[in-house]
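Q: The structure's right below; bear with me while I get my questions together.
Taken together, the values in this text are just the output of simple stated rules run on the coordinates, not laboratory data. Treat the numbers as computed from the prediction; the structure is a model and nothing was measured. Methodologically, a virtual Cβ is constructed for each residue, glycine included, from the backbone with ideal geometry; neighbour enumeration extends over all protein chains shown.
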Amino acid sequence: MAYKKNIIQPDFIYNSVKLEKFINQVMRRGKKSIAKKIVYGAFGIIKEKTKKEPQDVFEAAITNISPLLEVKSKRVGGATYQVPIPVNNERKMSLAMRWIIDAARSKKGKPMKEKLAEELIAASNNTGNAIKKKEDMHRMAEANRAFAHFAW
């Protein structure tokens, strides 16, 4: 039995598959209409604050946060090594989206759309918690570069 990849239709407003995937990741307990309100609300705030097209800010944020390397545990003999490996494009996008959403959710005291807008703007300017997460991952991969020959 082969794995069948789910094809996601682009969203209606911006006609972007990437944005629809983002909405799906924001969604909790199958409440897509609420997730759409949050994301489109955040886009409205981005347009207000930056005077730029929110789609461009979103794309820049995803690009800035996408990691190049990640570490995976590999067991060799009795020892477990953290082996740095390159990240494929699908996973890059997925990780970037997850980190943005997690960073926004970790903030307190504001509606989710405001927190998400702030995090997207910060990420497009190469600042914020999601960028920190990416830098930590790259630092970890750099520190374990000696074990790169174990990559499978």
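Q: Label point 7 Å out from Ala79 along Cα-to-Cβ: which residues of region 124-143 have amide N under 16 Å?
A: Residues passing the 16 Å test: 143.
Q: What is the magnitude of the charge dipole of region 100-147 about its Cα centre, with +1 placed on the Cβ of each Lys and Arg, -1 on the Cβ of each Asp and Glu, and no other charges, expressed in debye to the nearest 20?
A: I would put it at about 160 debye.
Q: Separate question: Give me the distance between the Cα centres of region 54-70 and region 88-144, rounded to whole Å.
A: 9
Q: Where Rh denotes the Kirkwood radius from the mean inverse Cα pair distance, what is Rg over Rh for the chain? If you can, show how the numbers build up before the last one.
A: Details: Rg = 17.4 Å, Rh = 16.8 Å.
Here Rg/Rh amounts to 1.04.
Q: Report the charge-dipole magnitude of region 1-55 in Debye, nearest 20, computed about the Cα centre from +1 at each Lys and Arg Cβ and -1 at each Asp and Glu Cβ. If you can, show how the numbers build up before the last one.
A: Values: 14 positive and 4 negative charges, 45 e Å.
Using only the charged Cβ atoms, the result is roughly 220 debye.
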